[in-house]
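Report on the structure given below.
The values are calculated or read from the model by the stated rules, or taken from the named source; none is laboratory data. The model shown is predicted, which means the values in this text are computed figures rather than measured ones. Don't worry about glycine lacking a Cβ; one is built from the backbone with ideal geometry, like all the others, and counts go over all protein chains shown. SASA here: full protein model, heavy atoms, side chains in, ligands and nucleic acids out. Shrake-Rupley method; radii C 1.70, N 1.55, O 1.52, S 1.80 Å.
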Amino acid sequence: MALPACAARALGPPLQPERGAPARTTCPRRHSRVEAELAASRPGSVAASVRAGPPRGVSRGFNSQPFLDEPLKASSSPAGAARTPLFALLPRGRRRRMHDLRRRWDLGSLCRALLTRGLAALGHSLKHVLGAIFSKIFGPLASVGNMDEKSNKLLLALVMLFLFAVIVLQYVCPGTECQLLRLQAFSSPMPDPYRSEDESSARFVPRYNFSRGDLLRKVDFDIKGDDLIVFLHIQKTGGTTFGRHLVRNIQLEQPCECRVGQKKCTCHRPGKRETWLFSRFSTGWSCGLHADWTELTSCVPAVVDGKRDARLRPSRGDQPPTPCLPPSALGGPQEIMPAGCTWETVKRWRIFQILDAARNFHYITILRDPVSRYLSEWRHVQRGATWKASLHVCDGRPPTSEELPSCYTGDDWSGCPLKEFMDCPYNLANNRQVRMLSDLTLVGCYNLSVMPEKQRNKVLLESAKSNLKHMAFFGLTEFQRKTQYLFEKTFNMNFISPFTQYNTTRASSVEINEEIQKRIEGLNFLDMELYSYAKDLFLQRYQFMRQKEHQEARQKRQEQRKFLKGRFLQTHFQSQGQSQNPSQNPSQNPNLNANQNVTQNLIQNLTQNSSQKENRESRKQNPGQEQSDGSASNGTNDYIGSVEKWR
């Protein structure tokens, strides 16, 4: 049976109809996709046309149903097998899986199209909503409906950025946990950064009576001159951390130069090649490892004079009337003393020598709780620390092996238990802070035979307290923020970042019972008394400086109010005088001069009255007086009230 002419031209050679298949007599109005592919391909490229797949945007998932149900009758002959599509040669299960895959591909493209159209519609609607809002708010100033395409894109980008920021903020700070989302964070006052750091009671009850000179520490530190800060570094008191703050954390005109990988920093004065800081991280251990008060007061002037001309150092005043030397300098015990000399005169003479050698030297140090410091030093020695490089120079010579025996025989004392550490009678860790701060020349240095032990301990403790009280500054490890505050107020130097309070240290990890703690306190009984004295003085200085700061701020506000009152009255009376006689000059107007005199008298009266009592408090106590006041006073009060409200 012959095919129609259109099909014959499209398919090329005539195909034999299958047996039992109905004959087509007319050309269909539309060819199916399969017939179009067969018409466009040659007989040998059927598989290639099938593997090529449908064109983009055309789905054949549902049009391939005839291939699923079509029997493989055409493969009985070689010509039919050649003309059969490759998809029809696959097994039925594989064909169904491929069909499902095509259906899923169609659903994915449909979802993408719907999502794209939905976002476009949402953006369009959002643009109109925002346009209406902006038109209501700004009126004729902005017309969002007439914006161009670039403005629409920019507005949409800003809205999307705002929504993204809100989502991120809710994810980072959910609920009311974020302080930024709480209204109390904006209404409540800022907390005191110098609150009690040791979790003790906020009310401090002093035990010692100190004078105003002992509490007030205000050093006019001249960094461009000859002033020098000397840091006395006591072992295991947090001095390393404080020393790093001095070289890396102070706002200076010429900051210290610290190189990576080096502990020492170069701290020069502005425009000079001299240092303003004598510490471990600036000059190294120039006077020996962890030099004490006795070594520093004798060594620092010599080191400084070695770097600059000694003739530039001015002399200090008159000398004391009786130059008494300590008995250790005479080579004898306590009984050998110059005529007319007592221990008090020896002490005063020694203090004079120290002050004469260190008139421009400002000594600072850091103290720590004795029990925590002792345990921290034991842990440090247990890891292998020895401090063998310490010189312990006193009266120009180091101590002998008989005066200062060693507690261990090997290279170090690593691995020693706490009991063995406490049993050594020559352990310098016992009362180390008192020994580091006292003048050892008053007790014959390390020669224990100069005086009885009880008197020796008393002299050492009093010397340590005196030196600590006369130091320019000292801090406590347990009060980092207060230490920072007092140092900034003392030297008028500010730190860049605040100090961090470390509540957990290596010493706090050591668990000891009450018996061991009492024994440690007994071994460091001088340090315990010194620390109690230092803590009382430290907290009193802190309270004194805070009260002084509040008083200065209050006085400054009062002076500002006085100035505003006087300025308002002066301008008020001048404007009244000019309004009465606008044609006359001030020199030709006697009434204006009289008004100016009255203004000055009123300013003086207001100044005297405001110093005794605030005007606002007096009006509260006498409400009837407020009605009898003149218009000038009412205007002054309104003006001052508005200024205070603005402040």
Heavy-atom accessible area of region 368-451 with neighbours in place, 1.4 angstrom probe: carbon+sulfur share in percent works out to 52 percent
Net charge within 14 Å of P399 by Cβ-Cβ distance, Lys/Arg positive one each and Asp/Glu negative one each, not counting P399 itself?
-2
Ignoring ligands, DNA and RNA, please state the percent of accessible area on region 493-546 from carbon and sulfur, probe 1.4 Å.
49 percent
So what J values fall out for region 532-541 if you push phi through Karplus, 6.51 cos²θ - 1.76 cosθ + 1.60 with θ = phi - 60°, rounded to Hz, Gly and Pro as x?
4, 5, 5, 5, 5, 5, 5, 5, 5, 5
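Working with all protein chains in place, sort C407, C394 by solvent-accessible area computed with a 1.4 Å probe, largest first.
C407, C394
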For H362, distant residues with modelled amide H under 5 Å away:
L228, I229, V230
Using mean Cβ contacts within 10 Å as the protection proxy, how do 535-547, 477-489 order, highest first?
477-489, 535-547
Averaging over all projection directions, find the projected area of the Cα convex hull of region 417-506 and quote it in nm² with one decimal place.
8.3 nm²
Test of the criteria: in region 360-405, which GluC sites (Glu not before Pro) are in a DSSP loop and have at most 15 other Cβ atoms within 10 angstrom of their Cβ?
E402
